[in-house]
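See below for the structure under consideration.
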Amino acid sequence: MSTPTYAEIAASWDIWIEYVDTDATMTAEEFDAMSIEDKVALQVVAFGAEIPSPTERAAVVDRER
């Protein structure tokens with residue numbers, strides 16, 4: 001399995017606790033109450049900007065040509 005994107009992590013409690021909240025400081029109810037955008041923003045603060053996949057990078061290069 002490849003590493004999930006920030007949006008995929010933000011949409012799934014199971015993935016969230018595996019990658020982000022490994023110490024279980026957030027409840028499932030708190031997770032559900034947050035928007036996807038807020039959860040992605042938390043990941044950016046914690047881990048830095050998301051690095052695009054090779055496919056996404058290639059698409060950007062193609063658009064710039």
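I'd like the full set of residues that are within 16 Å of the chain's Cα centre (by Cα) and assigned to a loop (DSSP other than H, G, I, E, B), limited to region 13-25. Spell out the reasoning first.
Residues of region 13-25 within 16 Å of the chain's Cα centre (by Cα): 13-22.
Answer for region 13-25, where residues must be within 16 Å of the chain's Cα centre (by Cα) and assigned to a loop (DSSP other than H, G, I, E, B): Val20, Asp21, Thr22.
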So in region 1-16, with the set limited to residues that are more than 14 Å from Ala46 (Cα to Cα) and β-branched (Val, Ile, Thr), which one is surrounded by the most Cβ atoms within 10 Å (Cβ to Cβ)? Thr5
Looking at Ala33, Ala24, Ala11 in this structure, which one is at positive phi and of a type in the set (A, V, I, L, M, F, W, C)? Ala24
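To keep it simple, each residue is scored yes or no on (1) of a type in the set (Ser, Thr, Tyr); (2) under 14 Å from Ile9 (Cα atoms); (3) modelled with pLDDT of 95 or more; (4) surrounded by fewer than 11 Cβ atoms within 10 Å (Cβ to Cβ).
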| residue | (1), (2), (3), (4) |
| --- | --- |
| Glu29 | no, no, yes, yes |
| Ala33 | no, no, yes, yes |
| Ile36 | no, yes, yes, no |
| Ser53 | yes, no, no, no |
| Ala58 | no, no, no, no |
| Arg63 | no, no, no, yes |
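The values are calculated or read from the model by the stated rules, or taken from the named source; none is laboratory data. Note that this is a predicted model, so its numbers are computed, not measured. Methodologically, a virtual Cβ is constructed for each residue, glycine included, from the backbone with ideal geometry; neighbour enumeration extends over all protein chains shown.
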